[in-house]
Amino acid sequence: MADKTTFTPEEWNQLLEGVMAAGIAVTAAEPSGLWGMLKEGLASSRALLQAKSGTGSTQLMTAVVESFESSEGRNAAKDGLQATLKGAKPDEIKTKCIEVVRRAAEVVDAKAPADATAFKAWLLQISTDVAEASKEGGFLGFGGTPVSEAEKATVAEISSALKLA
């Protein structure tokens, strides 16, 4: 089974960035205001915690979560994404994040094919959890739809980038 030692430091950072980008892409597709963004951020964090203790978790997923538990891992992912997104207009953030997710999937396909399906399914689950975290289009918590069309389309784009669709 793959773990951090399977990858170069640059490849490892690409995996970390891909995990973060899976949720950010959905949030960027249809910003939900402050409260919605907080809920979506919590959904992404919850997906990380579940991956560490969940029944479908792999050694690779656990190693990624453990990297996020350290400031070094969090900073590497954050700094890499900031460099990728620097100067991006709001409508470009989603596209750039999906590209980051695609690159992470390619790294796992090449270096850890036995773990690739589970890892990519996890990235898709993160994006789905974020999409479902906050209603879109409501007012003060009333009305709205559970998942907007823009979020559905973004999750489908992520699935395609991961070659799961």
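The values are calculated or read from the model by the stated rules, or taken from the named source; none is laboratory data. Computed from a predicted model, the values in this text were never measured in an experiment. Here Cβ is always computed from backbone atoms with ideal geometry, including for glycine, and neighbour counts include all displayed protein chains. Accessible surface areas use protein heavy atoms only, side chains included; no ligands, DNA or RNA. Shrake-Rupley method; radii C 1.70, N 1.55, O 1.52, S 1.80 Å.
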Return the residues of segment 71-112 that are out of contact with any Phe, Trp or Tyr (no Cβ under 8 Å at 6 or more places or on another chain) and assigned to a loop (DSSP other than H, G, I, E, B); say none if nothing qualifies. Lys86, Gly87, Ala88, Lys89
Of (1) within 18 Å of Leu162 (Cβ to Cβ); (2) open to solvent by less than 40 Å² (accessible area, probe 1.4 Å); (3) modelled with pLDDT of 85 or more, Ile24 satisfies every one except (2)
Return only the number of the condition from (1) farther than 14 Å from Ala2 by Cα; (2) part of a helix (DSSP H, G or I); (3) of a type outside the set (Val, Ile, Thr) that Ala118 does not satisfy. (1)
Near pairs, Cβ below 8 angstrom, 6+ apart or cross-chain, from segment 37-57 (open to solvent by less than 60 Å² (accessible area, probe 1.4 Å)) to any residue that is of a type in the set (D, E, K, R) and at pLDDT 70 or above: Ala43/Asp129; Ala43/Glu132; Ser44/Asp129; Ala47/Asp129
Answer with yes or no whether Glu66 is under 14 Å from Ala21 (Cβ atoms), in contact with a helix residue (DSSP H, G or I) (Cβ under 9 Å, 6 or more places away or on another chain) and either part of a helix (DSSP H, G or I) or touching a residue at least 24 places away in the same chain (Cβ under 8 Å) (or both). no
Kindly check whether there is at least one residue in segment 111-133 that is surrounded by 19 or more Cβ atoms within 10 Å (Cβ to Cβ), modelled with pLDDT under 90, in contact with a Gly (Cβ under 7 Å, 6 or more places away or on another chain) and farther than 23 Å from Ala63 by Cβ. no
